[in-house]
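K.L.:
Take a look at this one; I'll ask things after.
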Amino acid sequence: MVDLTVLFPIGGDASALKANPLVSDKALILEDANLVNAFSSGSALGTSYALDHAVPLFTTAVG
């Protein structure tokens, strides 16, 4: 089993997350505004978009 921490900024950019020493170097920080908005929308279309575009990123991140 592999753990993956996924973070994304809400209402700003990812610089604070990247600079935070408590955030693991192995964490996946989503910076694509469309993807972040899709996750946040809570709609069926947003969820579909998020899954279509995030799963490849998750796969790459866990190797």
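The values are calculated or read from the model by the stated rules, or taken from the named source; none is laboratory data. Quick caveat, the model's predicted, so the values are computed rather than measured. In this analysis, Cβ positions are derived from the backbone assuming ideal geometry, glycine residues included, and neighbour counts consider all displayed protein chains.
K.L.:
Residues of the stretch 22-38 being of a type outside the set (S, T, N, Q) and either in contact (Cβ under 8 Å) with a residue 24 or more places away in the chain or out of contact with any Phe, Trp or Tyr (no Cβ under 8 Å at 6 or more places or on another chain) (or both), which ones?
P.N.:
Leu22, Val23, Asp25, Lys26, Ala27, Leu28, Leu30, Asp32, Ala33, Leu35, Val36
K.L.:
Got a sec? Which helices (runs of 4 or more DSSP H) wholly within the chain have at least 2 residues that are hydrophobic (A, V, I, L, M, F, W, C), surrounded by 13 or more Cβ atoms within 10 Å (Cβ to Cβ) and touching a helix residue (DSSP H, G or I) at 6+ places or on another chain (Cβ under 7 Å)?
P.N.:
33-41, 44-62
K.L.:
Identify the residue in the stretch 40-63 that is touching a residue at least 12 places away in the same chain (Cβ under 8 Å) and more than 19 Å from Asp3 (Cβ to Cβ) and, among all such residues, is farthest from the chain's Cα centre (by Cα).
P.N.:
Tyr49
K.L.:
For residues that are in contact with a Ser or Thr (Cβ under 6 Å, 6 or more places away or on another chain) and farther than 20 Å from His53 by Cα, tally how many sit in the stretch 25-42.
P.N.:
The qualifying residues number 0.
K.L.:
Scan the stretch 31-38 and give yes if some residue there is within 12 Å of the chain's Cα centre (by Cα) and modelled with pLDDT under 90, otherwise no.
P.N.:
No, there is no match, as no residue in the stretch 31-38 is within 12 Å of the chain's Cα centre (by Cα) and modelled with pLDDT under 90.
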